Amino acid sequence: MQLQIDDKTVGDGYPTYIIAEVGINHNGSEDAALRLIDAAVEAKADAVKFQKRHLPSLYTQELLDHPEKFEQNFQYMIPLLKKIELSDESYGRLKKYCDERNISFLCTPFDERSADLLEELGVAAYKIASADLTNSRLLQYVGGFKKPMILSTGMSSWREVETAIELMRGMKSGYALLHCKSVYPVWPRDVNLFMIQQLRQFGVPVGYSGHEVGITIALVAASMGANIIEKHITLDKRQDGPDHKVSLDPEELKRLIRDIRIADKAVGNSKRIMLRGEVMNREVFAKSLIATCEIAKGATITREMVEVKGPGKGLAPDKLEQLVGRKIERSLLPGDFFIDTDISKPQPLDFNTVFESQWGLIARFNDYKEMMVYKPKFLEFHLAEMDLHTSFVPEKVYDCALIVHAPEYLGEKLMDLCSLDEGLRRRSVELVKDVLRITSFLTKYFKGTPKLIAHPGAMSFQGKLDGKLLRAALSRSLADIREDPLSDEVELLFENLPPYPWYFGGQWKGNYFMDADEIAEFCREHALEICFDLSHAALYCNAKEKDLAMQIKTLLPCSSHLHLADGYGLDGEGVQFGEGSIDLQSILPLFENFPGSWTPEIWRGHLNEGNGFLEGLNYLKQYHVF
């Protein structure tokens, strides 16, 4: 199959179609957008692409008005999106300028109102963002214009890709599929260009939308048969904004287009895995099924009761047909998310009859009561920075223990007790002391001595840091924390760290508190215990080719608490059990008779009333080691 976009044919046997993605790199300036169009023209790109959003159609009013109530990724992105959106009139002028310069104007509509504007402007084709691949309503709406559609497949599982293709086959719009990893930046080892060949089985033009640094991977993608290459462009990579650092400057774009047909091949594998950064971005940008009105328990769901809005915290829009016609087993208010248990009847769960050990669940202040239904033996509050400034008071006194996990962010910085910047180190110490005060207050609502977990830090975005200096800084921070009288009331735990974590939409490098021998030595010297994170340890062993079993045996004697999850590769942390690459049959028995506390720590496991955590607990039942 081929696509016709203005005067260009896209498909096998035709030149690679190059899209210069402006996205939001104009930073809200129409003048910058015009200069970016000029750069795309001078580089001889086939098209230049923008993004169009009508934010009230995309997100709940509470999220738009009070992003500070939500997780860190929302606190960062929502104000940014509000700040940089161009006016409707600007899009008209940009389209006209593209016509004058003889380059195709493409745009991604994130909602139906934006799609209507673009159709009025006469765009030749539509780009559908990765976050909307599961948004069947938007796909059908845009497909009704009967224009070519280019669909990115980042943030999606293979089943979701197949579902979207089934929908597209029933419409009259031609379409293309782009392989994509929706994290910024994506590292070359995670690109997995083999997926280009996997997508070719559907008989439509395929391509690659790249978020890596540089031009090499895009060149390789073209050599592997990509019909379309899409890359971000910027006038200055040093500008503020999430996409500039992974964008090409005008000269790089020229080199990419010049060299694209002589690129070397790159290979990957056919297993499709969503990166942890994609999971975070999907939650911000994807959509959910949300109640439009108050719904009483026992009511039958109708289409009028359901709307599609962000964020992606509930049932995806492609579950609409399964939801409509069902009787709801709970009451909902306008704006509440429909969740998995609304379409599948939950089984009664009593994990205290299964686990004799100190098992528990992770929660936020706003959802802890949902976790308490399962009667965990402890509750672990994961705090965001904004939680330090709230006046949270538990509803009652609970018959379970308390664990509090300190925030990882400190404004626009990472909380870093190892920091070689003395100012940042001291601010990080004060943050932990703030968490001490919150923990001390919460103690009266729980039983026993509480635990406080903190990440040591030692992360860098580029370059390697000196481990000896980091260790010395962490020692000073620990001493400073222990000077606070409240530290005697809690059990302070540092957590072992992953080698390549995701923060602020990008991938960082770990520099300390990962190696078992180094951690054990630090703990012996300072009479400290740790929170042992299984997936973090597995990723470190993958990166350094170390034995995970030996890592566990070394660290268990100084561990007081466990975070348990599967993992894969170098940065796939917090994966559901059985979906990663850890040999669970040989590894999990190593934790038998562990005297401390433990919890499944599945990424975003707290969503949908803790569905991810419950799935993890059900998986662990078979091992009889807890």
Legend entry - Residue under evaluation SER331, criteria (1) among the polar types (S, T, N, Q); (2) modelled with pLDDT of 90 or more; (3) not assigned by TED's automatic domain parsing to the domain that holds CYS293, criterion not met: (3)
Inset, instruction - Evaluate the stretch 506-514: report whether one residue or more is touching a helix residue (DSSP H, G or I) at 6+ places or on another chain (Cβ under 8 Å), over 18 Å from GLY457 (Cβ atoms) and outside any strand (DSSP E or B). - result: no
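For the stretch 472-486, name all the residues that are of a type outside the set (A, V, I, L, M) and buried (at least 19 other Cβ atoms within 10 Å of the Cβ).
Looking only at the stretch 472-486, we keep the residues that are of a type outside the set (A, V, I, L, M), and these are 475-477, 480, 482-485.
SER477 - this is the single residue of the stretch 472-486 that is of a type outside the set (A, V, I, L, M) and buried (at least 19 other Cβ atoms within 10 Å of the Cβ).
For (1) touching a helix residue (DSSP H, G or I) at 6+ places or on another chain (Cβ under 6 Å); (2) closer than 28 Å to GLY569 by Cα, each residue gets a yes or a no:
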residue	(1), (2)
LEU452	yes, no
PRO456	yes, yes
LEU470	no, yes
ASP480	yes, no
LEU486	yes, no
GLU495	no, yes
TYR500	no, yes
PHE504	no, yes
ARG524	no, no
Inset, instruction - Could you grab the pairs with beta carbons closer than 6 Å, sequence gap of 6+ or different chains, first residue in the stretch 318-340 and farther than 16 Å from ALA299 by Cα, second one in a helix (DSSP H, G or I)? - result: ASP318/SER136; ASP318/THR163; ASP340/ASN608; ASP340/ASN611
Legend entry - Scope the stretch 293-321; condition closer than 16 Å to ARG137 by Cα and either loosely packed, with under 15 Cβ neighbours inside 10 Å or in the same structural domain as HIS179 (by TED's automatic domain parsing) (or both); matching residues: THR302, ARG303, GLU304, GLU321
Inset, instruction - Within the stretch 247-266, identify whether any single residue is at pLDDT below 85 and over 30 Å from GLN197 (Cβ atoms), and answer yes or no. - result: no
Inset, instruction - Evaluate the stretch 389-406: report whether one residue or more is under 16 Å from VAL432 (Cβ atoms), surrounded by fewer than 18 Cβ atoms within 10 Å (Cβ to Cβ), hydrophobic (A, V, I, L, M, F, W, C) and free of Cβ contacts under 8 Å to residues at least 60 places away in the same chain. - result: no
Inset, instruction - Consider SER535 carefully, then state whether it is polar (S, T, N, Q), in contact with a strand residue (DSSP E or B) (Cβ under 8 Å, 6 or more places away or on another chain) and under 25 Å from GLU283 (Cβ atoms). - result: yes
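Residue-by-condition table, conditions (1) surrounded by 15 or more Cβ atoms within 10 Å (Cβ to Cβ); (2) of a type outside the set (A, V, I, L, M, F, W, C):
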position: ARG427; (1), (2): yes, yes
position: GLU430; (1), (2): no, yes
position: SER440; (1), (2): yes, yes
position: ILE453; (1), (2): yes, no
position: ALA458; (1), (2): yes, no
position: PHE461; (1), (2): no, no
Legend entry - So ILE19, is it over 30 Å from THR292 (Cα atoms) and not in a helix (DSSP H, G or I): yes
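Out of ILE103, ILE150, I need the residue that is hydrophobic (A, V, I, L, M, F, W, C), more than 26 Å from the chain's Cα centre (by Cα) and over 22 Å from GLU307 (Cβ atoms). Which one?
On the way: ILE150 fails: more than 26 Å from the chain's Cα centre (by Cα).
Exactly one of ILE103, ILE150 is hydrophobic (A, V, I, L, M, F, W, C), more than 26 Å from the chain's Cα centre (by Cα) and over 22 Å from GLU307 (Cβ atoms), namely ILE103.
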Legend entry - Restricting the stretch 411-425 to residues that are closer than 20 Å to LEU470 by Cα and under 25 Å from the mean Cα position of the chain (by Cα), the residue that is surrounded by the fewest Cβ atoms within 10 Å (Cβ to Cβ): LYS413
Inset, instruction - Answer yes or no as to whether GLU521 is over 19 Å from the mean Cα position of the chain (by Cα), surrounded by fewer than 17 Cβ atoms within 10 Å (Cβ to Cβ) and closer than 30 Å to LEU478 by Cβ. - result: yes
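Do the conditions hold for GLY241, that is, is it modelled with pLDDT of 85 or more and assigned to a loop (DSSP other than H, G, I, E, B)? Give the steps one after another, and end with the answer.
Details: modelled with pLDDT of 85 or more: no; assigned to a loop (DSSP other than H, G, I, E, B): yes.
Answer is no for this residue.
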Inset, instruction - Among residues belonging to the stretch 446-487 that are touching a Phe, Trp or Tyr at 6+ places or on another chain (Cβ under 6 Å) and in a helix (DSSP H, G or I), point out the one that is farthest from LEU379 (Cα to Cα). - result: GLY467
Legend entry - Filter result for LYS95 (modelled with pLDDT of 90 or more, among the charged types (D, E, K, R) and either surrounded by 15 or more Cβ atoms within 10 Å (Cβ to Cβ) or not assigned by TED's automatic domain parsing to the domain that holds ASN227 (or both)): yes
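The values are calculated or read from the model by the stated rules, or taken from the named source; none is laboratory data. The shown structure was predicted, so the numbers you read here are calculated from the model rather than taken from an experiment. With ideal geometry, Cβ positions are generated from the backbone for all residues, glycine too; neighbour counts draw on all protein chains shown.
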